[in-house]
Each structure stands twice: as structure tokens, then as C-alpha cells.
Amino acid sequence: MTDEQPRKVEFAEYLRQHQSQLFGYIHSLVRDLNDADDVFQQTMAVLWKKFDDFNRRRSFVAWACGVARFEVANFLRARHRQHLYFTDELNLLLIDAQAELAPSELEDRRTALSQCVQKLRARDRQLLEECYGERGVHATAERQGRSTQSIHNSLRRIRRALFECIHRTLVQEAHPELMP
Amino acid sequence: MSTHHDMPDDLDDLIDDYLGGAMDEARLEALENRLRADADARARFVRYCRMHTDLHLEARACQAAQRAMNTIDRLEQGALSAAAPDTRRARRRWWLASAAVVLVGLGLWGWAASRREAPEEPQKEIAWLTNAQDCHWSNSQAPAGDMRPGKVLRLHSGLAEIQFQSGARLVLAGPVALELVSGNSARLLHGKLTAQVPASAKGFQITSPHGKIVDLGTEFGMAVAADGTTDVYVFTGKVDAYADAAHTPNPGAVSVQEKQAARIDARGVILQAANKAADVKEFIRAIVPPPRIVPRTFALDFRQAVAGTLTDAAGLGTGLTQRLPGTGKKLRAHDKNLRLNLEEGRLELTTTNTDLNTSFRLEWGEYLGVRLADLGFTGKEDFAITVVVPDIPELPRVGQFGLYAGLHSKMSIRGGMISTKEPRQYKQFLVENPDGNDVPPQYMGVGFPGDDLRLTLRREGKYYTLTVENQTTGSSTTIRVRQPVGLDGEADLCVGFFGANTQSDQQRTLKLKEFQVTVWTVAGT
């Protein structure tokens, strides 16, 4: 019992550094925030149980995402959604891509996103807030008297613009001399 | 970096469809192939997904923060008493909660940003708002979680009570501006306050433009005029008054005793004649709340069984806790006339051949409900009972259903629909039953089997009203009668609904939905 505490501290520290990447990975696969939350909880429990097996010289993100991959697969299978799921091969490649995404870049992207949202038209900001918040796309469509498809189209346009804007912001920060 | 923005659009389309959940197997396969073939595409994919995640988290955080602020605002305006905070989302797991904490500071939607002040070095709060009445704060911003050193509270009007870490309490009377200095001191920029300082906070100080007051365990009032002139009056105990050395040739402490007044201005501290009683009365020493009416509501949607309440045929708790005393004694514990239909959200009540009028077979009577006292009723308060009865059945003549309020089966008022001698026709009725026998009822309106009704029995002051909203025809009819003498001031009322195939053996089943009882209690009594 007494040597449990340092292990827990170490585990918590790994998580603190990488929880955002891990959550992002899970969310990218299950695509629903509450589902992602469930799978994240489940994954955490497994990670803690297997923490002794973790080779400290390896990447924690890669290891954790590997575990999460199985949890996601179990979860989707239980929901009968297995047919809308990437192959194992692609999943391994995606874990690599995820692990390459450094926490500092995530942070920069999030900050840039924040600035970019501010630059949106008020109407677009409102739509984002509604669709990404508790109301969700369907209820928003109903409230606005629009079709779900039309809302999806708007969201697609907004996401494109935001992604573009994040890119520009980061380039500008890295090379201010290049910008007019 | 590999996330070039000149990726072909079709990849973005695929990713977007994937995130939106609008994807069939063929498109998923197309996406899979693109991602497998191209590392840049994968890099773009994880970043695009990440943005999607961040948008989700931020929106949640934003809304959670907004709800929290709304709750705080309501609390501070005193509008919220016994009501629970908004707990619509039970799913508050630690991840989302911690994500909210991390992200809320970013303020994507600008709301959180507008609330933010000096971002780094979070200082501890040194005071708390403990009471507020009709407060109008400058910029409409009530202090909330930001009462740190340096914070200036500007109250245009109304009364606010704040408590310092040390235990000292101030009542501010708007218009007033007060700067928080430490856990045991503040600066009065202008306006009036009174201070109550317990022994633990002895030494509590309030500075003013011309000096300061140091409390020695007491209660005092203090006012700063536009030109900085400071008046102090000691209600109990004593204080030391100092003039600021920079403003006056006569600095130094002057002791001000109980029921004494002093003025600090450019001349120094000057004790005043204690005949300024009129001014003294202007100090507000405590916030006395006006009587506040708080509705307390009990509602049943019949979508879940409630343990420990009257049970239906299958033993499910209906949520109802009482029968009108004097009724239903022979009914079984698992009442076979009741069926809780959880899927439809309704309680099905099969009528029995009974009648409150003449106390006919009431041991079988179905007069169900709750005790008003459980909602804080003491005999004086107004209240209302509502139930929705869709698709009303056809009861034979004199068959009746509706709502009641009563002490027991021989002292009640009831109203609803009663079947008339015309076939397939109801009238609306409201009748007092003062001694086991009905007085002549009030009749009005009309209704037919199959109608959807919403019934409300309400007490307002000395009157009872019964309103029937006919949702099938869109009409609404109200009958109003004086409160029965026998119910006046009685605290132990039982209220609820009933159904009876009076003077017939043809039982019918009523579907009861959305039962609700509200008592308008007076807070603080």
C-alpha cells in the first residue's frame, strides 16, 4: 500500500501532460462528446491497471492511444457501429499522427482557434455555440426552422474558415516578416 | 509543417462528413484509403478532429460557466431560496469538469473573457457578498468571486451587505463606492455604510479621503460626501478617528464614544454635537428583507415509481402520499384501481361507486393526493393543484372526476366534470361539502367524452376557483366561489384528484398526467 502513492503521482503526471491528446484521439474516433467521455473513463481504468507494463522509455501517448483503440473498438461494437470504423492498420497510423502532435502545438492551435472564433460573424459564432453546446445540431435545426443538412453545410463552411484561420495565425506567428 | 492549406477539397469534405456523422460505408472507405496513402492527410485529419474537439469542449465550458454565473446572479438577487441549482446535466464527469476549468479562461465566445480581470496571480478573496436587496451595480456587474484587494464595489442603488475575512460586516447603501483593501480594511470613496465589528475583527479600518476610522469593537455609521468630508456616528462601543496628515495640520487620533458623532475634513477631526439625530437615522444598520413570496412546487410526471408512496396494483409507488382522510379505508395497499403507466407518463385511475355527498361508500373512495403542509402550507398561503386528463372516458349520469381540497371526507371542496342527464355530456362543477353533504353546486360549461382537459383548483385569498381548459375545443372556463368557512385557516389540508362512478356500477378509467401542486409561501415566516 505504501508504494502505491508514488506510482499514482507518476501516473497522474503522465496524464496531466497527455490527457488532452488522449481525449482528442478518442473523440476523433467516437465523435460524440459524451461517448468520448465514457470511453475515456474506461480507458483510464485500464491504463491504471496496466501501468506497470508501460515501458517508460516509450511514448506514453502512443501506449495510451493503443489501449484506447481497443476500448473504442469494444464500445463501437457494443453499439453495433462496427461497420463505420477504421481498419486496425489505419488506426495504428493515426496513433502515430496523434503522437506527433505535440502538446505545445495543441496549445498554440487552441489559442489561435480562440482568436479565430472572435473574428467570425456574430451569426456564425452563435450557430457554433448552439450546435457544439448542449442543444446540438438537430435541436438547433428545429429551432431555426432549417434542415439538418443546411446546418451541416453551414458548420462545414465555418469549420473550414476556422481551420484556415488557425493555419494563417500560426504561420504569421512563426514568420511575421512574411506577412504583409 | 505538413498541414498545408492547399489540400484538395474532397479530403476536407470526407473529414467533415466523418465528423458530422453523415457517412456511409463507401465514403468511409474512401476516407480510409486517402488517410492510409498519405501522411500529410493523416496530419491534417488529426488536427481537424482536434479543432472539432476543442469547439465541443469550449461550448460546454462556456455554457457551464454561464449557468454557474446565472445561478450566482440569482442567488445574489435573493430570488433563489430553497430551489436547487440547475442540475439538468447529471453527467458531470471529472474530465469535462476539468476541461471546463482549463478552457473557460480562453473564452472562445467572449463571455468568459469579458469577466476576466488581471489574469495571473490569482489573489484570494478577502470579502464576500452576504446579502443584497434591489441592488444596481455599475456595469450591471454584481461582485462575484472577485472580491480581492483593490476591487472597487460601485453600488448605484439598493442595499448590500458584505463580510470581511476578519468577520467585520458592512451594510452599503447605494449610491456608494468602496474599495477592498485587505481582509480587515477598506476605503470608502463616497457614500454611506454602517459597520458591525465583532471582537475578532477589532482594529478594522476604513479610510476616507480625509482620514480613517479604526474600530475598537463596535457598530458605527460612516458617510463620505462628494468633497471628501467624512462623518462618523458611533452606535455602540467606540472608535478612533484620524485625520490624514497630508490634509490637515492636526493629525492624530480622536476617540469617538457611543452615541457621539465626529466629522473629518480639512480642519482635522472635530467632535459634533450629538443633536444630529436626523442624520443618524439615515444610516441603515441591517437589511430587512420585504416579505418574499416563494412558490414551492410538487410535481409528478408519472414516469418513475417513487418508493414509500401509495402503490398501484403492481406495487409501484405512485408518488402520491395521502388519501383524503375518511376515504379508501377498504382499498388494498396495492390498490387494484391504480396503474402507473411509466411509458406513457400517466396514472390510470379506475373509478369506484362512491360519493362525498352523503358520504356514500367512501371506504372504497378514490380521493388521492398529498398534504399541503409538506410544501410549507400553514393555512394562510395561496395554492393551486393542476392535473391533465386526456381523452376523458364516458361516465354514466352523476359520474364525476376532478380535484379536491379538504380536511377530511366531511369537510372539503371539490370540482371538475360531472356527467349530466343528457347522454355523453359533462358539466363543469365546483361544490362545497361542509358536513358530509354538498351544498348546491355551481355549474358551468360543457364537455364531452374524448376531450382533453387540464383542470386547476386554486385558492386565492378568500376564494377558490376551478378552471377547466379544454384542449380539444380550445375553450377555458372558470368557476369562482368564496372559501368555505370550515377550511378557513386550516393548516392540515389534503389536496389531489378523484374519480367516482357515482350512482352507477359502470367503472371507467381516467388517465391522469402532469399532476402538480404549488404553494405560494412567504419566505422567512
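The values are calculated or read from the model by the stated rules, or taken from the named source; none is laboratory data. Nothing here was measured: the structure is a model prediction, and the numbers come from that model. Methodologically, a virtual Cβ is constructed for each residue, glycine included, from the backbone with ideal geometry; neighbour enumeration extends over all protein chains shown. Ligands, DNA and RNA are stripped out before the accessible areas are found, and what is left, the full protein with its side chains, is counted by its heavy atoms. Shrake-Rupley method; radii C 1.70, N 1.55, O 1.52, S 1.80 Å.
Among B:Ile392, B:Ile385, which is among the hydrophobic types (A, V, I, L, M, F, W, C), over 30 Å from the mean Cα position of the chain (by Cα) and closer than 22 Å to B:Asp452 by Cβ? Steps first, answer last, please.
Details: B:Ile385 fails: over 30 Å from the mean Cα position of the chain (by Cα).
Just one listed residue meets the conditions, B:Ile392.
How many of the residues in segment B:187-206 are within 16 Å of B:Ser255 (Cα to Cα) and modelled with pLDDT under 90? Quick ask: steps written out before the conclusion?
Of segment B:187-206, the ones within 16 Å of B:Ser255 (Cα to Cα) are B:202-206.
Restricting the remaining residues to those that are modelled with pLDDT under 90 gives B:202-203.
Qualifying residue count for the region: 2.
When only residues in segment B:374-393 that are small (Gly, Ala, Ser) and touching a strand residue (DSSP E or B) at 6+ places or on another chain (Cβ under 9 Å) count, which is farthest from B:Tyr404 (Cα to Cα)? If you could, list the steps in order and put the result at the bottom.
Going through segment B:374-393, the residues small (Gly, Ala, Ser) turn out to be B:376, B:379, B:384.
Filter once more, keeping what is touching a strand residue (DSSP E or B) at 6+ places or on another chain (Cβ under 9 Å): B:376, B:384.
Details: B:Gly376: 19, B:Ala384: 11 Å.
Among those residues, the one meeting the criterion is B:Gly376.
Could you tell me how many of the residues in segment A:19-37 are open to solvent by 30 Å² or more (accessible area, probe 1.4 Å) and in contact with a helix residue (DSSP H, G or I) (Cβ under 7 Å, 6 or more places away or on another chain)?
1
Counting only residues that are open to solvent by 30 Å² or more (accessible area, probe 1.4 Å) and assigned to a strand (DSSP E or B), how many does segment B:136-174 have?
Adding up the residues that qualify gives 7.
Restricting segment A:128-166 to residues that are within 9 Å of chain B (Cβ to nearest Cβ) and touching a residue at least 12 places away in the same chain (Cβ under 8 Å), which is surrounded by the fewest Cβ atoms within 10 Å (Cβ to Cβ)?
Checking each candidate, the answer is A:Val137.
Can you find, within segment A:1-50, the residue that is nearest to the other protein chains (Cβ to nearest Cβ) among those that are outside any helix (DSSP H, G or I) and more than 19 Å from the chain's Cα centre (by Cα)? Give the steps one after another, and end with the answer.
The initial filter retains those residues of segment A:1-50 that are outside any helix (DSSP H, G or I), namely A:1-3, A:31-32, A:50.
From what's left, more than 19 Å from the chain's Cα centre (by Cα): A:1-3, A:50.
Numbers: A:Met1: 24, A:Thr2: 26, A:Asp3: 25, A:Lys50: 19 Å.
Restricting to residues being outside any helix (DSSP H, G or I) and more than 19 Å from the chain's Cα centre (by Cα), the top hit is A:Lys50.
Which one of B:Ala243, B:Ala223, B:Ala195 is crowded, with 16+ Cβ neighbours inside 10 Å, under 19 Å from B:Ala261 (Cα atoms) and touching a Gly at 6+ places or on another chain (Cβ under 6 Å)? It would help to see each step written out before you state the result.
Numbers: B:Ala223 fails: touching a Gly at 6+ places or on another chain (Cβ under 6 Å); B:Ala195 fails: touching a Gly at 6+ places or on another chain (Cβ under 6 Å).
Selected residue: B:Ala243, the only one of B:Ala243, B:Ala223, B:Ala195 that is crowded, with 16+ Cβ neighbours inside 10 Å, under 19 Å from B:Ala261 (Cα atoms) and touching a Gly at 6+ places or on another chain (Cβ under 6 Å).
Using the structure shown, decide if B:Pro440 is modelled with pLDDT of 90 or more, assigned to a loop (DSSP other than H, G, I, E, B), closer than 22 Å to B:Thr354 by Cβ and out of contact with any helix residue (DSSP H, G or I) (no Cβ under 7 Å at 6 or more places or on another chain).
Working: modelled with pLDDT of 90 or more: no; assigned to a loop (DSSP other than H, G, I, E, B): yes; closer than 22 Å to B:Thr354 by Cβ: yes; out of contact with any helix residue (DSSP H, G or I) (no Cβ under 7 Å at 6 or more places or on another chain): yes.
In short, no.
Restricting to segment B:31-40, give me the number of residues that are more than 7 Å from chain A (Cβ to nearest Cβ) and buried (at least 21 other Cβ atoms within 10 Å of the Cβ). First the steps, then the outcome.
Looking only at segment B:31-40, we keep the residues that are more than 7 Å from chain A (Cβ to nearest Cβ), and these are B:31, B:33-34, B:37-40.
Restricting the remaining residues to those that are buried (at least 21 other Cβ atoms within 10 Å of the Cβ) gives B:31.
Final tally of qualifying residues: 1.
Among the residues of segment A:52-59, is any surrounded by 12 or more Cβ atoms within 10 Å (Cβ to Cβ), over 16 Å from the mean Cα position of the chain (by Cα) and over 28 Å from A:Arg160 (Cβ atoms)?
First pass over segment A:52-59, keeping only residues surrounded by 12 or more Cβ atoms within 10 Å (Cβ to Cβ): A:54, A:59.
Right, trim to over 16 Å from the mean Cα position of the chain (by Cα) and you get A:54, A:59.
If we keep only those that are over 28 Å from A:Arg160 (Cβ atoms) as well, we get A:54, A:59.
Scanning segment A:52-59 turns up at least one residue that is surrounded by 12 or more Cβ atoms within 10 Å (Cβ to Cβ), over 16 Å from the mean Cα position of the chain (by Cα) and over 28 Å from A:Arg160 (Cβ atoms).
Just name the residue that is surrounded by the fewest Cβ atoms within 10 Å (Cβ to Cβ) out of those in segment B:11-30 that are more than 46 Å from the chain's Cα centre (by Cα) and at the interface with chain A (Cβ under 7 Å from one of its Cβ atoms).
B:Glu25
Does A:Asp53 satisfy the criteria of being in contact (Cβ under 8 Å) with a residue 60 or more places away in the chain, more than 25 Å from B:Ala26 (Cβ to Cβ) and more than 10 Å from every other protein chain (Cβ to nearest Cβ)? Write out each step before concluding.
Working: in contact (Cβ under 8 Å) with a residue 60 or more places away in the chain: no; more than 25 Å from B:Ala26 (Cβ to Cβ): yes; more than 10 Å from every other protein chain (Cβ to nearest Cβ): yes.
The answer is no for A:Asp53.
The rows are residues; the columns are (1) within 23 Å of B:Asn341 (Cβ to Cβ); (2) aromatic (Phe, Trp, Tyr); (3) in contact (Cβ under 8 Å) with a residue 40 or more places away in the chain.
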| residue | (1), (2), (3) |
| --- | --- |
| B:Gln442 | no, no, no |
| B:Asp452 | yes, no, yes |
| B:Arg458 | no, no, yes |
| B:Gly486 | no, no, yes |
| B:Glu490 | no, no, yes |
| B:Gln506 | yes, no, yes |
| B:Leu510 | yes, no, yes |
| B:Gln516 | yes, no, yes |
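Just wondering, is there one or more residues in segment B:470-482 that are hydroxyl-bearing (Ser, Thr, Tyr), under 21 Å from B:Gln516 (Cβ atoms), open to solvent by less than 30 Å² (accessible area, probe 1.4 Å) and assigned to a strand (DSSP E or B)?
No, there is no match, as no residue in segment B:470-482 is hydroxyl-bearing (Ser, Thr, Tyr), under 21 Å from B:Gln516 (Cβ atoms), open to solvent by less than 30 Å² (accessible area, probe 1.4 Å) and assigned to a strand (DSSP E or B).
Looking at A:Arg109, A:Arg146, A:Arg157 in this structure, which one is over 19 Å from the mean Cα position of the chain (by Cα) and more than 17 Å from B:Tyr18 (Cα to Cα)?
Details: A:Arg109 fails: over 19 Å from the mean Cα position of the chain (by Cα); A:Arg157 fails: more than 17 Å from B:Tyr18 (Cα to Cα).
Only one candidate qualifies: A:Arg146.
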